[in-house]
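The values are calculated or read from the model by the stated rules, or taken from the named source; none is laboratory data. All values reported here derive from a predicted model rather than from experimental measurement. Backbone-built Cβ (ideal geometry, glycine too); neighbour counts: all protein chains shown. The accessibility values were calculated without ligands, DNA or RNA, using every heavy atom of the protein model including side chains. Shrake-Rupley method; radii C 1.70, N 1.55, O 1.52, S 1.80 Å.
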Amino acid sequence: MKKLVKIVSCLFAVGSMLLVAVAFYIYAVLVPTLPSIEHLEDTQYQVPLRIYDRNEVLLAEFGEHRRIPVRFNKIPRYLIDAVVSVEDDQFWHHPGVDVYALMAAVYEVVTTGRKTRGGSTITMQVARNFFLSPEQTYTRKFNEILLALKIEKELSKEKIMELYLNKIFLGHRAYGISAASQVYYDKKLVDLTMAQAAMLAGLPKAPSKYNPISNRERALIRRNYILGRMRILDYIGEEELDLALSEPISAELHRTRTIAEAQYVSELVRAQLFEQYGEEVYKAGLKVYTTIDGELQSVANKALRKALLDYDRRHGYRGVIDKIDMSKVIEDPFDEDLVTDNRVGGLRKGIVVSIDEALPGSAADGSDAAPASATLLISNFEQIMLPFKDGIDWASAFVDVDNRGTAPKKVGDVLAVGDVVWLENRDSKWLLASVPSVEGALVSINPASGGINAMVGGFDYFKNKFNRATQARRQPGSNFKPFIYSAALEKGYTAATIINDAPVVFDDDSLESTWRPENYSGKVFGPTRLREALIKSRNLVSIRILQSIGLRYAINYIQRFGFDRENMPYDLSLALGSGTFSPLQVARGYAVFSNGGYLIDPYIIDRVESGSGEVIYRNQPKTVCQGCEEEDLAALAAAEAAAEEAVASEVVGDEAEAADEVEPVYAPRVVSAQNAFIMRSIMRDVVRRGTAVRAKALGRKDIAGKTGTTNDQVDAWFSGYNDQIVTTAWVGFDNQRSLGNRETGGRAALPIWIDFMKVALDGQPENLQEQPEGLVTIRVDAETGKPADISSGNSLFEVFRVENAPRQKEVAKSTSAGSDGAVVDVPETEDEIVEDIF
């Protein structure tokens, strides 16, 4: 007996010594190495970069972790109950460690060698997820226990639960319960049903194994088990249990919901922020608010795609995508991987399942036989009817850019059963289509500040990520002529100056060979007023004007519009737009005419907020302020104007200072108000009766603009504006081949502009702008450009700068619908009109 007591005493002593040693080891070795939890209360999660439009509607999201942090009081109680039921049913009672669960897990490992139950509490998982590595060691487990105890001591249960539910990974890039709710159900947390909440609660243990999308059977078993646990723990009643158990699985994979396709815009913003912040930009939860109008962005996408598809149809059908053997189809070829359901620029794939030719005599023209329609299967096992008329009858075969095959007379001339084709849904009607090889761009800006309203860089971002609105350098052709004409006005020309539209031949050392430029029509029209020359886009007149005012002067002057000297050739081809610029640069130049003579800097980022909502950057754009600028244009150096770079959209400088209030910055005046007004007057006539007459469809009198077409129709442009908005549209091939005969700016690009501006200007008041001081309106002879008298049979009103107005003794004091100001008498002391006839 004494011996037994002695053995027990020894064992007790050894055990006590071991306990003391373990306690000392924990206190002296482990505790000092524990990470501080001081900042756990204000944890910054890895939250993706989010980009919003001007109305704070989401445009895009960048980052590996899709997370939407949420406060505890915003989480439904039944969701919390579901998580507690399956993960840690003693959560509200234990001090961070569930001793009984931990001992049971240890006992199971010792006796069976296997680990089927978890001893970790939610608090221990928080410790592991926030502070520890995933390695499986006893030291890490000890640290996890100690940290859990420390966390429970310093944080409330509610905060611990909030941390847990915001941190956990739940599959499909969803981190946190709020993101998972959107990924799987496209719902806010408060809108989840009991069954859906239980489904999400089952994911933390094994997001792949119990995933309701990839493993629906196991996910259902797991969900029902959790609902049963909730009933056992008395979180729900029998009736609620039965209702939840009867609910079918409704989970689907939902992408981030955005208001518009704005990939080109979003990539531009992302690249600017990445340059400033590096990889952290994808984790810091930055919110970027742009100048983009989400609704106009959608309109821009639609307008560009419609025009490119119309161009493609004008040049013929390039054939079906593929052909499948319908005898191998069991039910749905899309589900059976016979056809992939990828979409390009809004186009969808369809499979021809039947062709229906109309009965004899049913054709509209009374012929014996006429095609009717084809039935096609699209994804989701939906069938659609594709009519021959308008839907298929355009599809004569593409031969080359200027030639097409024979027009089809029936559906069978184009399609056969099993053909896989592209389809366009336009205005609820299905049309046969092809993915266009031609590309285009549209950019729209606010002329008062430079804020970009909408931008599209191509037919489809995922087809080609090259942003033609900002990155392409293309020849603007006649779209550039207004800048030449503005330079001429500043040199002393007037809108009534007569220039001879006659053939010219140049032997210029700067050109490779003798140059014989022509008008687009190939015709010449003799003496022509400057206004009429721009309205009709006369090439020969433009060349003569440039030759007269001088290349050096013209290039220096045109730099005032923001164009770089190195992008303008030093030869007379500049008059025909042989420089190379992006659509955004061209739109910026036109903004000077729109806003009355000021150079703005285009920008897209309005402000950037940190994850906590602090404004860390706020753009301070140069804005137009009439009368706020120095009006001494004589002192304006062209080199200084050219040095102005569009840097307003870059996120630079100290973050703390970026958000501070600063004095407003005003855009510099680069062109006189009188010059800008006369140019707008001329370009309004381009719309009224010139190359952009189609734009009259908008039914407005305040729009002005200019078409542009380069040699061999390689590029097609239209830039147009009023005082509220400036928009440039461009169409062309990336490899700079011809668009084809008659594919001018007025045909290929102008329709994009019209469709966009129809919406952009809807509800906006017309503003013809006040005539600035220093201008007079005089009746002139339409043939000579000289002041008209009572006997002049063909006269019209023209607007002049006072110093350049023609001398006259008497002018009738009247007004005209075509004039841009009042008619006044001009003193005889005013200078004579500059009249150069070459």
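These residues, Phe334, Phe169, go from largest to smallest accessible area, 1.4 Å probe, as Phe169, Phe334. Stokes-Einstein diffusion for segment 541-589 at 4 °C, viscosity 1.567 mPa s, with a Kirkwood radius from C-alpha pairs, works out to 118 µm²/s. Once C-alpha pairs closer than 8 Å and six or more residues apart are averaged by separation and normalised to the residue number of segment 413-460, the relative contact order reads 24 percent.
Placing R0 at 30 angstrom, the Cβ-Cβ distance between Thr340 and Leu243 gives a FRET efficiency of 0.15 after rounding to 0.05. Around the amide H of Thr744, modelled in the peptide plane, lies no amide H under 5 Å away from a residue 5 or more places distant or on another chain.
Quick one: in segment 252-397, what % of C-alpha pairs are over 19 Å apart? Mind dumping the intermediate values first?
Values: 7456 of 10585 pairs.
That fraction is 70 percent.
Compute the FRET efficiency between Ser250 and Arg516 as 1/(1 + (r/R0)^6), taking r as their Cβ-Cβ distance and R0 = 60 Å, and round to the nearest 0.05. So, using R0 = 60 Å, E works out to roughly 0.25.
Could you sort Ser791, Ser354, Ser594 by their accessible area in this structure, using a 1.4 Å probe and putting the largest first? The partial results should precede the final answer.
On the way: Ser791 100, Ser354 35, Ser594 0 Å².
In descending accessible area the options line up as Ser791, Ser354, Ser594.
Taken along its three principal axes, the alpha carbon spread of segment 744-785 comes to 37, 29, 13 Å, from the longest extent down to the shortest. Legend: calculated FRET efficiency, Ser610 to Val99, from the Cβ-Cβ distance at R0 = 41 Å, rounded to 0.05, equals 0.50. Direction-averaged projected area, Cα convex hull, segment 474-532: 5.3 nm², rounded to one decimal.
Value of Rg to Rh for segment 671-760, rounded to two decimals, is 1.00; Kirkwood radius and Rg both from alpha-carbon coordinates.
Taking amide H as placed 1.01 Å from N in the peptide plane, Gly451 has its amide H under 5 Å from the amide H of Asn446, Tyr603, each at least 5 places away in sequence or on another chain. Distance between the modelled labels on Asp571 and Arg689, one decimal in nanometres: 3.7 nm (7 Å Cα→Cβ projection). Looking at segment 518-563, the trypsin sites (Lys or Arg not before Pro) that sit in a DSSP loop and have at most 13 other Cβ atoms within 10 Å of their own Cβ are Lys523.
Available extension along the chain between Asn129 and Arg257 is 43.2 nm, counting 0.36 nm per residue and deducting the alpha carbon span.
Once the piece of chain linking Arg77 and Asp507 is laid out straight, how much longer is it, given 0.36 nm per residue of separation minus the C-alpha distance between them? Before the final figure, lay out each step's value.
Working: separation 430, 0.36 × 430 = 154.80 nm, distance 8.54 nm.
Full extension from Arg77 to Asp507 adds 146.3 nm.
Just list whichever of Lys306/Lys409; Lys159/Lys205; Lys465/Lys536; Lys283/Lys465 have alpha carbons separated by over 29 Å in the model shown. In this structure, Lys465/Lys536 lie more than 29 Å apart at Cα.
Defining a contact as two alpha carbons under 8 Å apart and six or more residues distant in sequence, what relative contact order in percent does segment 414-557 show? Present the calculation step by step, with values, prior to reporting the outcome.
Values: 157 pairs, mean separation 23.3, N = 144.
So the answer I get is 16 percent.
Over segment 225-336, the ratio between the Cα radius of gyration and 2.2 N^0.38 Å evaluates to 1.90.
Restricting the GluC sites (Glu not before Pro) of segment 184-289 to loop positions (DSSP other than H, G, I, E, B) with no more than 12 neighbouring Cβ atoms within 10 Å leaves Glu252. Under the combined filter of DSSP loop state and at most 11 neighbouring Cβ atoms within 10 Å, segment 308-361 retains these GluC sites (Glu not before Pro): Glu331. Taken over segment 327-480, the ratio of Cα radius of gyration to 2.2 N^0.38 Å equals 1.34.
Taking 0.36 nm per residue of sequence separation and removing the Cα-Cα distance, the Ser156/Arg216 pair yields an extension gain of 18.0 nm.
Can you sort Thr121, Thr623 by solvent-accessible area, 1.4 Å probe, largest first? Each step should come with its number before you reach the end.
Details: Thr121 0, Thr623 45 Å².
I get Thr623, Thr121, largest accessible area first.
Here is the P(r) of segment 449-598: all C-alpha pair distances, binned every 10 Å from 0, give 10, 37, 33, 15, 4, 0 in whole percents.
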